[in-house]
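*Asks:* My questions will all concern the structure given below.
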Amino acid sequence: MARYLNPRQRRGDPLRWMLDRERFQLPDMEPPAAGNCLAEPDVAVQDIVKDIFKSIDIRRQPALLDQIRDAWPELAGPGSATHARPGYLDRQTLVIFVDSAVWLNELARYERAGILARLQQRFGVEVIKALRLQADPEDRRKPATSDQ
């Protein structure tokens, strides 16, 4: 595991610099100047955070998911809507949670293209480009009651 070397410690120890120079095959015979040890970026953290939030577009996803959940029975159909529910958006892929393997197979084979077409018609092709079906992490089925 590589150890972080503080640039201040490196400047003060010429023997350490010679060892690092040989180990890492550095061409310079002299250690770096005091002002050039670490290059300071000219970008503010605020600008980086804004760019990250633009790429994630986190402000829009909850509203879009709420709209999808409200329209889910129309988009999936009454039979499929009882066994599947919209989960979350992963970039432009909508993850749909399905409550059983049988329904997951049924939706993957016969209903995926239709659901995707209806979603794209309502919300736009650029907003949702694909669907991913997976088992529901929450068990929404009613527990079986035993009469004993």
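Just so it is clear, none of the values below were taken in a lab; they were calculated from the coordinates. Note that the structure is a prediction, hence the values are computed from the model and not measured. So basically every Cβ, Gly included, is an ideal-geometry build from the backbone, and we count neighbours across all protein chains shown.
*Asks:* Please give the direction-averaged projected area of the C-alpha convex hull for the range 60-105, in square nanometres with one decimal.
*Replies:* Computing the convex hull of the Cα atoms and averaging its projections yields 3.3 nm².
*Asks:* Can you work out the FRET efficiency for the pair Q61 and D20, with r the C-beta to C-beta distance and R0 = 41 Å, to the nearest 0.05?
*Replies:* 0.30
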